[in-house]
Structures are given as structure tokens and as C-alpha cells.
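Colleague: What follows is a structure written as C-alpha cells; I'll ask about it next.
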Amino acid sequence: MCGIIGYIGKREAAPLLLNGLKRLEYRGYDSAGMAVLNGQMQVLKQKGSVGNLEELLNVSGTVMLGATMGIAHTRWATHGDPSDRNAHPHMNISSDIALIHNGIIENYSSLKKELLSQGYEFESDTDSEVLVHLIDRVWKADPSIGLEGAVRQALRHVDGAYGICVVSSREPDKIVVARKGSPLVIGLGDGEFFIASDAAPIVEHTNKVVYLLDGEMAVVTRDNYTVKTIENVEQQKRVTELDFSLEKIEKGGYEHFMLKEIFEQPEVMRDVMRGRIRVEEGRVQLGGIEDYLDRLKQAKRIVICACGTSWHAGLIGEYLIEEFARIPVEVDYASEFRYRNPIVTSDDVVIVISQSGETADTLAALRLAKEKGALVMGICNVVGSTIARETLCGMYTHAGPEVGVASTKAFTAQVIVLFMLAMALSKGRTISQEEIKLNLRELAEVPEKVARILEQNDAIREIALKLKDARNALYLGRGYNFPVALEGALKLKEISYIHAEGYPAAEMKHGPIALIDEDMPVIVIATRDNTYAKILSNIEEVRSRKGRVIAIASEGDRDIEQLTPDVIFIPQASAALLPLLTVIPLQLLSYHVATMRGCNVDRPRNLAKSVTVE
Ligand code: F6R
């Protein structure tokens, strides 16, 4: 949520910051702004996309010329509507301190009252603005503490989550940053430093980065950086080398990031498995959990916590682990788990799944599970993310940066990781070595099958035409395809704004059937597995009420063509691997419907890629 970029070095700061904001726009895009220092503080900010800020900069950018340091922000509103005055940076009254902030200040209203009573005036409705006035207040009270000391003291008054960058014309050659709950990373260039909320805007300049931890602050000057805790204890930081390129985070010739990411899936799937499975030996080698595998196998119960699409992957994980490893699994929304006083003991394993590794509810569930003594394992995509760091053990999904707000490749990567985990937990216990070999062989064939489905993109676009004017849609699936029905419905609603619901097909007659008429498209996942006959009956039920059926079926299924003209065929696979195939046409359907409706696919309204607030 919200993106931060800061720069200090020898180059013109304004164009560099603007470029960084463009790479960060997927984190928030309702307003953008920057502050640079060239003798004095210059601030520009504007409602709307980074493009709007760019226009403003083209008109009035000359005032920013010559500045070789500055900070910039792209916002996703939490407090105060999207507007010019709520855009960051925020300034103190004398306009010599500028601050940008990601996160939420929970006690902002009491702090604001206090500051108002002391004569401070507020320009915005944001929680963030209290921070800049607090810094101003403590600095004025004791000028000797400097900017760093003022930020440190101010933060002692603050409850909530923050990633902040602060600059001041009183100490013009320094950026002070601090982190609690909202990620910050420092990029180490040649005679220059970058600060950002993630590595995306840094990677084109340097691959050397330092991740700040919660409770840490850094002072970045033109030739140095130091990291201390907020309590002022010096920290030794490890420099990490990033292994993803700029090319990977750009659109690569596709019209949208989402489409690029859908089409990347065969390659991503190979990356997820790379070095982790040996088909002929029936071996699964999962480095991140190796030392804990015995404890994982002895778990009395596994609880999976996640949100949104990651929660859907978790449901598939439940089916996989229970079927193969025979360990009881529960799947909880992280937001429910954290507030319902769950029963968790040291005999339990809690698996948290998160693409971003920063989702606030999932992080809170992780911390709660840890407190209660469970072994906590993570499945994350973003390397070095908070969840990845706070779990005892875990596995990265290696899907690469996912820029489209709607999760696609991260989901299939999560399912593959869960499949490999189920195999590792089963080995030597619940299924034979031969079965493991067979399953791994089939898993290794999935990327090629996905590539074949992607070849049907044009035919899927034709079918999308029939869905594009719908006001509602129903998605049905059974068994392993039930979570896929949920995911298909989520994809459609979040990017095309068509209301859609996913149901286990058998549940239809317990209520949703009342909705079916000629205006209701019903997308049925009807692959050849042990529930095939049942699902055909469900299709008949829909047809007899004049519902319009779009079916996802197994190649070679001639019967289904008697029931509906709109069929998307997918290659045969065993039930446990079907979600990796059946979800692909659903992702493409949503994508095409959304583009046909003129929706902003990569940046759907009201959504952000990384939900770091409750
Ligand atoms: C939907 C989507 C969201 C996320 C959810 C959790 O396409 O992307 O539902 O899945 O916000 O995010 P992560 O996985 O980053 O914890």
C-alpha cells in the first residue's frame, strides 16, 4: 500500500524519483508527490496517477532543477480521500521538513488533538501529517537533537505501522528513514543511495540492497548510511544481492502486466520446481523446511492462514495434505484467526501463505501462532518480506515480481509449493515411493499442459464476449475444483466489477439455484474426475432453468458438447493437479471480460497489491 522512493547522490533527483514512482504505481495510485532539496525545499503533489504528477513537473519542474536529493510517494488512501492536499509529502508549518509515510498511525486522532491544542495547523485529513508536526515539535523543543534525534523522539509517541522518509532544509544532505510494519529497503549505488518501499524502483540502478527491520532507523547521507534501532542501538546490516532484473518487472510486450503474468506461468511453474524435485528418484528437496520436516510430519494438525487468493491456494493445500499426508488441516482467513482466540498448541503447525509477505492480517496471524507456541512456516513470494523473515521455516514461491494487482502466477506457484509439501510430508509415511514418483512426474508435465491451454487464448476471448455484459455470474466446482471456482469468481469481480460468486456445485440447490435464469451465466468446472457425473447433473439443473453454461472440461469429452456450445477444454490430469490447469482459462476469461468493459486491469479500483493495513 503506497510506494516510497528516495534518492541522494549526484544525479538530478526529480526525473529519477518520477521514474521510481512509475515502477511503484502498482502499490497505490490515487495521488503522488515529491519533495527535493536544492538549497531550499521544493514540493509538488497532485491527485491522480503518477502521470498527473509528471505533467505538473513538466509545467513547473524548473524549480526542481539542480536538486540531487529528494523523496517521493504514490498513495493508496487509508485516511482522507484521494486529493491534492492529502497527497504526500506532508510539511511542517515552516515548510522546512517534508515527510512521506506508508502505513497507518493508529493513535493519530489523539496526537492530532494534542498538536491542535498547541497551535499546530493541519493541511490534510491524513493520519500521516501528525508525524511531521510531531517531529517539528520535538526538534523545536531541543534543537540540538537534529533531524535524526527528532524523528527518533517523535516515533516514541506513535502507535501503528510506518515506513517513513524525512528530509529537512535545516540539514539538507540527509534522508532519515524508519520502519515499523511497512517495508523499507536501501539501495547501495556508486556514490548514491536509494530508499524504497520495495526493490522494484531500485533494481535498474543497483542490485545491492539492505533491508531495514521493524524498529530500525537509518540515516542516509551522500556518502554513507548508518542503521540503528529506534532506541539508538547501532546495527550491523547484511548487504543482499537482488537476483531479478528490470526486464522481469516490465511488461515484456504484453498489453497489461496481468496478461504477461498469466502467460509467464509455464516458466514460473518450472522455476518453482527447479532444483526441488527429482522425478526419477521420487525425491522432493525443500531446503527451507528440511531441518523441520520431521516436526512437520509429526504435527497433530496443520492450520493454514491467508487472505484472498492466497487463502484459495490454502484450501487446495488442505485437500492435498489431507489426501496424501493424512494430517488434519484447517484453513482460516488470517483476519478471523487473529481475532477469535483460536486453540493453537505447540503440537500444531501453522502455515501462512502470502504473495507479498506483508499482508497485515496474515502477519498478525503468524505472530499470534508463534506466541501460542506453534511451529510457524511461511509460503511467500517476496524474498526478504516481513512474513518470510518472521517464520521459523518456509518456502519461497519464486514466481518473480507480480505487478498486476490480481494475483495469477503467484497463485499457481503457491499451489505447486503446497503440492510439493504434501509429497514431502507423505514420503515414507502414507504413500508409496512409486506413487510419489508418479505424482512428481505428473507435476513436471503441468507447465507444458498450461502452455497448451494458453494457446486457446483467442477462443477464450470469444467466450468472454458472452460474459462481458453480465451483471452477475456463478462459478461452480467440486473437490479440488471448488477452491478454483472461488478463485475464478474473485478474479472476475475484482477486475471487471461484475458481481460473481463461487460455490461447491452441490450447494447450488441449497440457495443459489433461485438466482438462475436466462441472464445468469454459470461457469462450471466439469473435468473428468470422481465427481464428473454429479457435475453433469448440476449442469442439467442450470440448463433447465435457462441458465447459460460455460464449461471447463477435459479434452476428449464429447458429452459436454451436447450440453453447451461454450466449452474450454483442458488436458487430462489427476484430480490433485487439476486446479493448476482449470484456473488458467478462468484467469483469461476475467482478463478479457475486464478489457472488453474498459476496466483498468492492472489497477482495479479500490484495490492495492499489498494490503499492509487491517
Ligand atoms: C486477489 C488478490 C488478493 C490477495 C490478498 C492476499 O487477486 O491478489 O486477494 O491474494 O490480498 O495478498 P498476499 O498473498 O500478498 O498476502
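The values are calculated or read from the model by the stated rules, or taken from the named source; none is laboratory data. Predicted, not measured: the structure shown is a model, and the values here were computed from it. Counting neighbours? That spans all protein chains shown, and the Cβs are built from the backbone with ideal geometry, glycine included. The protein model used for the area step is the full one, side chains on, heavy atoms only, and it has no ligands, DNA or RNA in it. Shrake-Rupley method; radii C 1.70, N 1.55, O 1.52, S 1.80 Å.
Colleague: Return the pairs, sorted by first residue and then second, in which the second residue is polar (S, T, N, Q), the first residue lies in region 208-226 and is within 16 Å of VAL151 (Cα to Cα), the beta carbons are less than 8 Å apart, and the residues are 6+ apart or on different chains.
Modeller: That search, which allows pairs on different chains as well, returns ASP214/THR386; GLY215/THR229; GLU216/THR229; GLU216/GLN235; MET217/THR229; ALA218/THR226; VAL219/THR226.
Colleague: Yes or no: GLU371 without any contact (Cβ under 8 Å) to a residue 40 or more places away in the chain and away from the ligand (no atom under 14 Å from the Cβ)?
Modeller: Values: without any contact (Cβ under 8 Å) to a residue 40 or more places away in the chain: yes; away from the ligand (no atom under 14 Å from the Cβ): yes.
Yes.
Colleague: Sticking with this structure for a sec: Out of ALA444, ALA485, ALA489, which single residue is within 30 Å of ASP294 (Cβ to Cβ), open to solvent by less than 50 Å² (accessible area, probe 1.4 Å) and not hydroxyl-bearing (Ser, Thr, Tyr)? Write out each step before concluding.
Modeller: Details: ALA485 fails: within 30 Å of ASP294 (Cβ to Cβ); ALA489 fails: within 30 Å of ASP294 (Cβ to Cβ).
Answer to the check: ALA444.
Colleague: Another question, if that's okay. Among the residues of region 387-404, is any within 11 Å of the ligand (Cβ to nearest atom), open to solvent by less than 10 Å² (accessible area, probe 1.4 Å) and part of a helix (DSSP H, G or I)?
Modeller: Checked region 387-404: at least one residue is within 11 Å of the ligand (Cβ to nearest atom), open to solvent by less than 10 Å² (accessible area, probe 1.4 Å) and part of a helix (DSSP H, G or I).
Colleague: Now a separate question. Going by the conditions given, is LEU320 away from the ligand (no atom under 16 Å from the Cβ) and either of a type outside the set (Gly, Ala, Ser) or open to solvent by 40 Å² or more (accessible area, probe 1.4 Å) (or both)?
Modeller: On the way: away from the ligand (no atom under 16 Å from the Cβ): yes; either of a type outside the set (Gly, Ala, Ser) or open to solvent by 40 Å² or more (accessible area, probe 1.4 Å) (or both): yes.
Criteria met by LEU320.
Colleague: Look at region 186-197 and say how many of its residues are among the β-branched types (Val, Ile, Thr) and without any contact (Cβ under 8 Å) to a residue 60 or more places away in the chain. Even if it seems obvious, please write down each step before you answer.
Modeller: The initial filter retains those residues of region 186-197 that are among the β-branched types (Val, Ile, Thr), namely 186, 195.
Then drop every residue that is not without any contact (Cβ under 8 Å) to a residue 60 or more places away in the chain, which leaves 186.
Number of matching residues: 1.
Colleague: Here is a list: VAL36, VAL63. Which entry is surrounded by fewer than 24 Cβ atoms within 10 Å (Cβ to Cβ) and farther than 18 Å from ASP602 by Cβ?
Modeller: Details: VAL36 fails: surrounded by fewer than 24 Cβ atoms within 10 Å (Cβ to Cβ).
Only one candidate passes the filter, namely VAL63.
Colleague: Another question, if that's okay. In the list ALA200, ALA178, which residue meets the criterion of being under 24 Å from SER95 (Cβ atoms) and under 27 Å from the mean Cα position of the chain (by Cα)?
Modeller: On the way: ALA200 fails: under 24 Å from SER95 (Cβ atoms).
It is ALA178.
Colleague: If a residue must be open to solvent by less than 70 Å² (accessible area, probe 1.4 Å) and modelled with pLDDT of 95 or more, how many such residues does region 231-257 contain?
Modeller: 3
Colleague: Sticking with this one: Is it fair to say VAL138 is more than 26 Å from the chain's Cα centre (by Cα), of a type in the set (Val, Ile, Thr) and open to solvent by less than 10 Å² (accessible area, probe 1.4 Å)? Even if it seems obvious, please write down each step before you answer.
Modeller: Working: more than 26 Å from the chain's Cα centre (by Cα): yes; of a type in the set (Val, Ile, Thr): yes; open to solvent by less than 10 Å² (accessible area, probe 1.4 Å): no.
Criteria not met by VAL138.
Colleague: Write out, first by first residue and then by second, each pair whose Cβ atoms fall under 9 Å of each other, whose residues are 6+ apart or on separate chains, and whose first residue, in region 482-504, is over 21 Å from ARG605 (Cα atoms) while the second is among the basic types (Lys, Arg) and more than 11 Å from the ligand (Cβ to nearest atom).
Modeller: ALA485/ARG478; PRO504/ARG478
Colleague: Quick one: which of LEU44, LEU16 is part of a strand (DSSP E or B) and either basic (Lys, Arg) or open to solvent by 10 Å² or more (accessible area, probe 1.4 Å) (or both)? I'd like the intermediate steps shown before the answer.
Modeller: Details: LEU16 fails: part of a strand (DSSP E or B).
Exactly one residue qualifies, and that residue is LEU44.
Colleague: So which of GLU445, GLU487 is modelled with pLDDT of 95 or more, closer than 21 Å to ARG270 by Cβ and not in a strand (DSSP E or B)? So that I can check it myself, show each step before the final result.
Modeller: Values: GLU487 fails: closer than 21 Å to ARG270 by Cβ.
When all the criteria are applied, what remains is GLU445.
Colleague: Quick one: which of ALA500, ALA410 is crowded, with 21+ Cβ neighbours inside 10 Å, within 16 Å of the ligand (Cβ to nearest atom) and over 29 Å from ILE539 (Cα atoms)? Even if it seems obvious, please write down each step before you answer.
Modeller: Values: ALA500 fails: over 29 Å from ILE539 (Cα atoms).
Going through ALA500, ALA410 in turn, just one is crowded, with 21+ Cβ neighbours inside 10 Å, within 16 Å of the ligand (Cβ to nearest atom) and over 29 Å from ILE539 (Cα atoms): ALA410.
Colleague: Would you confirm whether or not region 335-346 contains a residue that is buried (at least 22 other Cβ atoms within 10 Å of the Cβ) and more than 16 Å from the ligand (Cβ to nearest atom)?
Modeller: As a first pass, look at region 335-346 and keep what is buried (at least 22 other Cβ atoms within 10 Å of the Cβ): 337-338.
Pick out the ones that are also more than 16 Å from the ligand (Cβ to nearest atom) and you get none.
Checked against the condition, which is being buried (at least 22 other Cβ atoms within 10 Å of the Cβ) and more than 16 Å from the ligand (Cβ to nearest atom), region 335-346 yields no hits at all.
Colleague: So how many residues does region 460-482 have that are within 17 Å of ALA313 (Cα to Cα) and open to solvent by 20 Å² or more (accessible area, probe 1.4 Å)?
Modeller: So the first thing to find is which residues in region 460-482 are within 17 Å of ALA313 (Cα to Cα), and the list is 475-482.
Retained after the next criterion (residues that are open to solvent by 20 Å² or more (accessible area, probe 1.4 Å)): 478-480, 482.
Result for region 460-482: 4.
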